[in-house]
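Enquirer: Please find one structure pasted underneath; my questions will follow.
The values are calculated or read from the model by the stated rules, or taken from the named source; none is laboratory data. Please read these numbers as outputs of a predicted model, since none were measured by experiment. Backbone-built Cβ (ideal geometry, glycine too); neighbour counts: all protein chains shown.
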Amino acid sequence: MNIATISAGFEKGDFLVREEQGNRVYFDFFEEAFNYISNKGYARMSREDEKHWVDLMNVIHDSVKGGMKYNTGTLLMVLSRPVADSPAVLGSVQADKPAKKAQTPSKTEKTLNP
């Protein structure tokens, strides 16, 4: 499962979307942030899972002596996206790959004519 978050309270933009591989995108409006991450296939976690995630992040941030080095903002929403691991999804990904070129025989191989 991939996780993305929407947070508020930054100078560059009012809302920040953090997603996989450390990508961070700032927005002036919440709707823009939500549409951006939704269009990438993320959906809001269940309330129980989201609460667990928020509580975990609070514990992690509180464990840093002297506070966090960077402004972490206020976590507003946690979203998730399943990882593509089913055979049907993998098959469609493999279908998108270009076919390999046919290999020509090497000079050392002899061809026999019938």
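Enquirer: So, in the range 33-65, how many residues would count as being buried (at least 16 other Cβ atoms within 10 Å of the Cβ) and either touching a residue at least 60 places away in the same chain (Cβ under 8 Å) or of a type in the set (D, E, K, R) (or both)?
Expert: Matching residues across the range 33-65 total 1.
Enquirer: Based on this model, can you work out whether Tyr70 counts as surrounded by 11 or more Cβ atoms within 10 Å (Cβ to Cβ), within 28 Å of Val83 (Cβ to Cβ) and without any contact (Cβ under 8 Å) to a residue 24 or more places away in the chain?
Expert: Criteria not met by Tyr70.
Enquirer: Taking Gln94 and the conditions (1) modelled with pLDDT under 90; (2) surrounded by 10 or more Cβ atoms within 10 Å (Cβ to Cβ), which numbered condition does it fall short on, given that it satisfies the others?
Expert: Condition (2) is where Gln94 drops out.
Enquirer: Could you please give the count of residues in the range 1-53 that are assigned to a loop (DSSP other than H, G, I, E, B), modelled with pLDDT of 90 or more and among the hydrophobic types (A, V, I, L, M, F, W, C)?
Expert: Of the residues in that region, 2 qualify.
Enquirer: Looking at the range 4-20 only, could you name the residues that are under 14 Å from the mean Cα position of the chain (by Cα) and surrounded by fewer than 15 Cβ atoms within 10 Å (Cβ to Cβ)?
Expert: Glu20
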